[in-house]
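The structure under discussion appears below in the form of structure tokens.
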Amino acid sequence: MKSFHSFCYKSITILGLALLLILAVSSIFIYGHLYSSSQERMVFYKNGMVFFILIPVFFFALWKFRDLLKKVTPGKLFLICSLIYIIAGLYLTFRVPDTIRSDPYMIYKYAKKFLDADYEGLTGGYYLRFFPYQLGMVTFEMGLLSIWNSTRILFIANLILILGINFLQWRITELLSKNKLVINYSIALSFGFVPMLFYILFTYGTIPGHFFLCLGYYFLIKHIKNHSPLSFIFCGLSLGIAVIFKPNYLIAAVACAIIIFMDLLKRFSKGKLVILVIVIILSIAPNKAFLQMWRNISGVDFDGGAPYVLNVTMGLQPEEMGKGRLGGWYNGYNYDTFELNNYDIEASKKVAFEDMKNLAEHWKNNSAAARKFFIDKIHSTWNDPLFQSLWSGPLEDSDQVVTDKLLHSLFTGGHVAMVFEKYMNLVMISIYLLAAAWCFMNLTKKSGDDSELFYLLLFLGGFIFHLISETKSQYVYMYAYSLIPYAAITLCSKFGRKS
């Protein structure tokens with residue numbers, strides 16, 4: 001069993017190394033730019049010679065930053081960064097329009113209706129009939145809006161949760177490494193990951209779910225490393241709550257199960273097997289109980305909504321089938337197909353599988369086009385340095401006019417947006433390369449800590465999931481952000497003159 005454990009550990013690490021190197025190299029040469037338009041149009045640009053010169057300069061600056069980080073404690077660094085973040089976050093909150101659009105608007109709309117005991121949205125052709133998984137965010141917003149009936153309280157809640165995510169990232173890194181410099185690098189990179197700041201304005205389930213994902217990982221490490229009593233229960237419950245906010249976070253539950261299974265391979269015991277089963281149940285059961293709760297409250301016996309296989313089929317459709325959007329991106333196929341089949345789940349699944357079969361045949365007969373499709377899909381998902389965070393904020397063509405001069409430049413693709421885009425391009429190249437180096441270093445070790453693989457498994461799961469399913473760059477920011485502790489560890493290793 002130990003040899004199988006070693007095989008699993010090395011296989012995960014090798015796959016992570018390969019994919020991270022692919023993303024790092026591709027990010028050096030090209031990046032995706034999303035227009036400040038509700039049409040969700042992305043183009044790819046090649047980086048020029050000036051940018052190539054900036055890459056080693058940025059790495060040198062990142063390495064020299066250690067001189068400053070050595071002089072401050074993690075607590076003090078986190079406090080300073082948090083104060084700056086709060087000022088910037090409140091500036092964003094109160095200097096942009098209080099209107100929201102698209103899915104966040106629908107969630108907000110039904111949160112207000114539910115507060116008046118109006119549950120029509122769960123019936124007929126209404127939004128929640130298609131996507132009942134949004135009920136987690138609807139419930140969350142109901143609580144917030146009962147305090148202050150303004151979208152700005154949703155922005156403030158996101159700000160608090162993002163600070164919480166950065167705090168947990170600090171504590172997680174502290175459990176992975178006792179090196180103060182590693183911890184400080186992790187804190188600095190977490191706050192320097194600016195899409196998180198811009199996501200304050202994106203009132204969707206991604207941020208709350210991400211917070212509970214990090215909380216689940218924190219308790220997983222406590223369980224694996226410190227054998228902390230009941231930590232595995234808190235881990236499972238935290239991941240279960242994350243899934244309530246966003247079903248995609250089932251990837252985290254799978255990653256957690258793999259880690260516990262690998263720990264089981266090291267030394268088998270019935271107790272560990274029981275823990276594995278309990279964590280899996282706790283990751284799934286809360287969402288089922290939550291949906292049943294809303295059936296009881298609303299009196300509407302709704303089902304699971306549009307089956308997810310529709311999203312997989314949509315993720316395999318080329319651009320010409322996507323209403324002008326990039327291939328594999330959202331194009332309304334899931335919504336339209338479910339509606340055309342009168343909200344019949346089985347009939348919709350049948351259509352989805354038939355269309356998927358036809359798409360497989362199409363790509364099989366057009367191998368060159370298939371290669372381009374999947375390469376472009378990877379680039380549009382992982383090579384957008386801002387991960388669609390600015391697009392998720394106010395857009396002028398949606399009557400969300402920003403009058404503040406600085407923020408107007410930011411949200412309309414002006415000079416401020418361009419600076420942040422180039423900055424994040426450099427950050428992501430650094431994170432991808434440093435995380436790849438961490439994988440390489442791990443392969444040279446005789447043994448490794450299983451709990452360290454959680455974020456890598458999360459990244460691999462996200463990569464594979466969005467390669468075959470519907471994708472958007474905003475869907476993967478948390479997987480890129482989760483690579484930060486690996487980057488921090490590498491910066492303080494022999495690659496950066498071990499300190």
Cα pair distances in the chain, grouped into 20 Å bins until the bin that holds the longest one, percent each: 22, 59, 20, 0
query: Going toward the positive end of the dipole of region 66-218, with +1 on Lys and Arg Cβ and -1 on Asp and Glu Cβ, which of 195, 208, 167 do you reach last?
result: 167
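In what sequence, largest accessible area first, do 446, 225, 372, 350 appear using a 1.4 Å probe?
Reading off the accessible areas and sorting them downward yields 446, 350, 372, 225.
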query: With every protein chain in place, what's the accessible area of residue 269 (1.4 Å probe, Å², nearest 10)?
result: 40
query: For region 322-367, which whole percent of the accessible surface, found with a 1.4 angstrom probe, sits on carbon and sulfur atoms?
result: 52
field: Part-to-part distance (alpha-carbon centres) for region 143-178 and region 375-442, which is given in Å
entry: 21
- request: Arrange the residues 152, 371 by how much accessible surface each exposes, largest first, with a 1.4 angstrom probe.
  value: 371, 152
- line: Measuring from its Cα centre, the chain shows a charge dipole (+1 at each Lys and Arg Cβ, -1 at each Asp and Glu Cβ) which, in debye to the nearest 20, is 2500
query: What FRET efficiency comes out for the pair residue 369/residue 101, r = Cβ-Cβ distance, R0 = 30 Å, nearest 0.05?
result: 0.35
query: Rounded, prolate or oblate: which fits region 246-360 when a ≥ b ≥ c are the square roots of the eigenvalues of the alpha-carbon gyration tensor, with rounded for a/c under 1.5 and prolate only if a/b beats b/c?
result: oblate
message: If the reach is capped at under 15 angstrom between alpha carbons, list the aspartates and glutamates near residue 350, excluding any in the same chain fewer than eight residues apart.
response: 336, 339
Taking N as its residue count, the alpha carbon Rg of region 356-446 over 2.2 N^0.38 Å: 1.59
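With a 10 Å radius around each residue's Cβ, average the other Cβ atoms per peptide and rank 296-308, 186-198, highest first.
In descending order of packing, they fall as 186-198, 296-308.
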statement: To the nearest Å², the heavy-atom accessible area per residue of region 147-217 with 1.4 Å probe amounts to 23
field: Charged-residue dipole, Cβ positions (Lys, Arg, Asp, Glu), region 353-499 about Cα centre, Debye nearest 20
entry: 920
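FRET efficiency for residue 14 and residue 50, Cβ-Cβ distance as r, R0 = 45 Å, nearest 0.05? Walk me through the numbers on the way to the answer.
Working: r = 35 Å, r/R0 = 0.77.
Taking R0 as 45 Å, the efficiency between residue 14 and residue 50 is 0.85.
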- prompt: If eta is 1.567 mPa s and T is 4 °C, what Stokes-Einstein diffusion coefficient results for region 113-168, Kirkwood Rh from Cα pairs, in µm²/s?
  reply: 102
- prompt: Hey, what's region 302-366 come to in accessible area per residue, 1.4 Å probe, Å²?
  reply: 51
- prompt: Expressed as a whole number of Å, what is the distance separating the alpha-carbon centroids of region 82-123 and region 326-363?
  reply: 30
field: Over 20 Å (Cα to Cα) - which of 10/364; 2/445; 349/372; 64/180 fall in this group
entry: 10/364; 349/372
field: Relative contact order computed over the chain (Cα-Cα under 8 Å; 6+ residues apart), in percent
entry: 25
statement: Restricting to lysines and to Cα separations under 26 Å from residue 405, and discarding same-chain partners fewer than 8 apart, the set is 422
- prompt: With the radius of gyration and the Kirkwood radius both derived from the Cα set of region 375-499, what is their ratio Rg to Rh?
  reply: 1.07
message: Given a 1.4 angstrom probe, I'd like the percentage of the accessible area of region 426-482 that is carbon and sulfur, rounded to a whole number.
response: 69
query: What do you reckon, how do 338, 29 stack up by accessible area (1.4 Å probe), largest on top?
result: 29, 338
- request: Provide, for q = 0.18, 0.20 Å⁻¹, the log10 of I(q)/I(0) from a solvent-free Debye sum over equal Cα point scatterers in region 153-201.
  value: -0.55, -0.65
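Got a number for carbon plus sulfur as a percent of region 95-175's accessible area, 1.4 Å probe?
Heavy-atom surface of region 95-175 belonging to carbon and sulfur, 1.4 Å probe: 57 percent.
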field: Order by protection proxy (mean Cβ within 10 Å, highest first), peptides 42-48, 485-491, 123-129
entry: 485-491, 123-129, 42-48
Volume in Å³ per residue [convex hull over Cα atoms, computed for region 190-295]: 107
field: Principal axes of region 79-191: Cα extent on each, largest first, Å
entry: 56, 31, 22
message: Less than 20 Å apart at the alpha-carbon level, and either on another chain or at least 8 residues along: which aspartates and glutamates does that give for residue 272?
response: 263, 449, 450, 452
message: Please compute one quarter of the surface area of the Cα convex hull for region 431-486 and express it in square nanometres.
response: 4.1
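The values are calculated or read from the model by the stated rules, or taken from the named source; none is laboratory data. Only a predicted model underlies this, so the values are computations on that prediction, with no experimental measurement involved. Neighbour counts run over all protein chains shown; Cβ positions are idealised from the backbone, glycine included. Side chains included, ligands, DNA and RNA excluded: accessible areas come from the protein's heavy atoms. Shrake-Rupley method; radii C 1.70, N 1.55, O 1.52, S 1.80 Å.
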